[in-house]
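Comments concern the structure below.
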Amino acid sequence: MKKIIYGLAMTAIVSLTTGCSDFLEEPILGQQDLENYFSTEDECLAQITGCYSYLACDDWWQIYKHYGSIDMCTDDEWMGNTTQDPGDYYHLAHYSGNTVSAGNSVQNFYQYRYKGILQCNIAIEKIPNVQFNDASYQKRLIGEARFIRAFEYFELVRNFGGVALVTGMLMPSEVQGIERATVDETYELIEQDLKYASSVLPLRSEYSESDLGRVTKGAAQGMLAKVYLTQEKYSEAKVMLDSVINSGEYELLEDFANVWSMDYNNSKESLFEYQTNSNISYSVGERFSVVVGSRDDSGWSWGLPTSNLEKAFKDAGDDIRLKYTIMKHGQTEVPGDDTWNADNPYIITPSKHKSARCNMKLYIPVAKRPSPYDASHIPLNYRILRYADILLMSAEVENALGNDGVARDRLNAVRNRVNLDNVTSSGTTLRDAIRLERRLELALEGNRLYDLRRWKDDNGKYAIQNIMGPNGTFVKYNLEESTDEYEISNQNENSNKGYYFTEGRDELFPIPNSEITMSNGSIKQNPGYN
């Protein structure tokens, strides 16, 4: 913690800008002395751009690596690459219990979230002292910073539990002996920030075209709804979700094929996404598409879909979303890319790839790839919160509150887009249908692990505890039931993934050991990690 705060306090305004909209097109270069900064509106705006820049940072290893890891920790993905040492990926994805190695895997994510939080703290502390011509604009900038800070703390609490709360520009001497807040205290800060943001941010339709991609009132309300839902505050979540739905600001895209298309960045379905562009002068795009791509197609193949996920689509008769979620070795048609055909099929060599499957959502058609491709120049915005998620959260909330009619309407709106029959069930059967729909609609988008960690099953256990572990359904599927030729034949990644999941430990990730050391022991480790 001290290292994080000290490093950022010394170079307080350095932007790694990642934007496709006009407001994020040019990085802010160099360092500024805070004593002489924040005297103009433009300097305040530049600091907010710096806050946005830390959402995804400038390459795959700070944030996106962890996004890959969290899906590897579920029944949706393998580590996947069976030609290279997985390193620290293994200790998360296979629940090894190795505290130091698992902590090393999450260290960059942990530190860069705090670096982003410091950028926001600077803005929140300094901007109120600057004279603005328009007070509402000043509040908007503060609201943007508080949204981003809340989101970054939300990511920390869902991964690690209660964390140290730093809300100001603190020097190392000021954080000596800092301790972790409780989960409730962490959520209290997140809620306060998002409530403020939702009260001052404009609606999406009130922004100019040049500001497209900035966080909005709808984004703040939607994120606050997710925060409430995670805590089972259903009534509070309902208020936020109803506000988003009734605002008329968002709609489902007509064609599921376009949800993750770079041609539909910032679409009418989007509430919040990381902004990108392909300007090769700067690292302002994403490289996650390369990280998850086939090794036979310039990719690294870290994070490959499981046959268990494919089976879930097939069992549901969900051909459309399967087509646009999972690619498979030897397929002769790749949606949106005529490079591949019967004479030139798409290759995901089974000996190199655990499941011989890849993530279609992040696939970039050959003709649309920037040069160089294996670099942070890919202009595919990374979707964090979209309207389908809002509708499915609303369905879950309404079901929990006993309003099954509304829950079915919200659920079926999502299903109808992909030509699936309406669900007519009620009660726990409807609850289970909503949960399945979240898996299918939001597959490989970083939601599954957090859903499994918060859902309670009928036996009183969290869903993750019933899926993983020696008797977990996913483990038994792979070791006893699966007939998938690719996964069975390639044991360079063992099919026992999840076998060593331990209840009471693996519902959270470990705090990086380096952070505990730098705090002189005031930051305590999560239970079960030695």
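The values are calculated or read from the model by the stated rules, or taken from the named source; none is laboratory data. For clarity, every value in this text was computed on a predicted model and none was experimentally measured. Every residue, glycine among them, receives a Cβ derived from its backbone with ideal geometry; neighbour counts consider all protein chains shown. Remember, those area values only see protein heavy atoms, side chains included, never the ligands or the DNA or RNA. Shrake-Rupley method; radii C 1.70, N 1.55, O 1.52, S 1.80 Å.
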**Request:** Just name the residue that is most open to solvent (accessible area, probe 1.4 Å) out of those in segment 326-341 that are without any contact (Cβ under 8 Å) to a residue 12 or more places away in the chain and of a type in the set (Asp, Glu).
**Result:** 338
**Request:** Could you please let me know if residue 415 is at pLDDT 95 or above, under 30 Å from residue 340 (Cβ atoms), part of a helix (DSSP H, G or I) and open to solvent by 20 Å² or more (accessible area, probe 1.4 Å)?
**Result:** yes
**Prompt:** If you take the residues in segment 425-444 that are more than 22 Å from residue 501 (Cα to Cα) and outside any helix (DSSP H, G or I), which one is most open to solvent (accessible area, probe 1.4 Å)?
**Reply:** 426
**Request:** Filter segment 298-325 down to residues that are open to solvent by 20 Å² or more (accessible area, probe 1.4 Å), out of contact with any Leu (no Cβ under 8 Å at 6 or more places or on another chain) and not aliphatic (A, V, I, L, M), then give me how many there are.
**Result:** 9
**Asked** Any residue at all in segment 321-336 that is farther than 30 Å from residue 433 by Cβ, at pLDDT 95 or above and of a type in the set (S, T, N, Q)?
**Response** yes
**Request:** Considering each residue of segment 168-189, count those that are of a type in the set (S, T, N, Q), out of contact with any Phe, Trp or Tyr (no Cβ under 9 Å at 6 or more places or on another chain) and modelled with pLDDT of 95 or more, and give that number.
**Result:** 1
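Looking at residue 211, is it open to solvent by less than 20 Å² (accessible area, probe 1.4 Å) and among the acidic types (Asp, Glu)?
Numbers: open to solvent by less than 20 Å² (accessible area, probe 1.4 Å): no; among the acidic types (Asp, Glu): yes.
When the stated conditions are applied, residue 211 does not pass them.
Looking at segment 375-412 only, could you name the residues that are among the polar types (S, T, N, Q) and open to solvent by 20 Å² or more (accessible area, probe 1.4 Å)?
Step one: list which residues in segment 375-412 are among the polar types (S, T, N, Q), which gives 376, 381, 394, 399, 403, 412.
Scanning segment 375-412 gives 399, 403.
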**Prompt:** Among the residues of segment 265-287, is there at least one that is surrounded by fewer than 19 Cβ atoms within 10 Å (Cβ to Cβ) and closer than 23 Å to residue 418 by Cβ?
**Reply:** yes
**Complete:** Of (1) surrounded by 16 or more Cβ atoms within 10 Å (Cβ to Cβ); (2) closer than 25 Å to residue 64 by Cα, residue 252 satisfies every one except (2)
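Got a sec? Which of 42, 58 is open to solvent by 20 Å² or more (accessible area, probe 1.4 Å), without any contact (Cβ under 8 Å) to a residue 12 or more places away in the chain and not small (Gly, Ala, Ser)? Break it down stepwise before answering.
Values: 58 fails: without any contact (Cβ under 8 Å) to a residue 12 or more places away in the chain.
Answer to the check: 42.
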**Item:** Total residues in segment 253-302, condition without any contact (Cβ under 8 Å) to a residue 24 or more places away in the chain and within 15 Å of the chain's Cα centre (by Cα)
**Value:** 0
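Consider residue 385 carefully, then state whether it is touching a Gly at 6+ places or on another chain (Cβ under 7 Å) and modelled with pLDDT of 95 or more. It would help to see each step written out before you state the result.
Numbers: touching a Gly at 6+ places or on another chain (Cβ under 7 Å): yes; modelled with pLDDT of 95 or more: yes.
Considered against the rule, which asks whether it is touching a Gly at 6+ places or on another chain (Cβ under 7 Å) and modelled with pLDDT of 95 or more, residue 385 comes out as yes.
So that you can scan it fast, the table gives a plain yes or no per residue for (1) open to solvent by less than 50 Å² (accessible area, probe 1.4 Å); (2) part of a helix (DSSP H, G or I); (3) touching a residue at least 40 places away in the same chain (Cβ under 8 Å):
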| position | (1), (2), (3) |
| --- | --- |
| 136 | no, yes, yes |
| 139 | no, yes, yes |
| 145 | yes, yes, yes |
| 163 | yes, no, no |
| 167 | no, no, yes |
| 188 | no, yes, no |
**Request:** May I ask you to say which residue of 187, 153 is out of contact with any helix residue (DSSP H, G or I) (no Cβ under 6 Å at 6 or more places or on another chain) and closer than 30 Å to residue 92 by Cα?
**Result:** 187
**Prompt:** Considering only segment 342-359, how many residues are without any contact (Cβ under 8 Å) to a residue 60 or more places away in the chain and surrounded by 12 or more Cβ atoms within 10 Å (Cβ to Cβ)?
**Reply:** 5
**One residue from 487, 515 being assigned to a helix (DSSP H, G or I), over 25 Å from the mean Cα position of the chain (by Cα) and more than 14 Å from residue 92 (Cβ to Cβ)** = 487
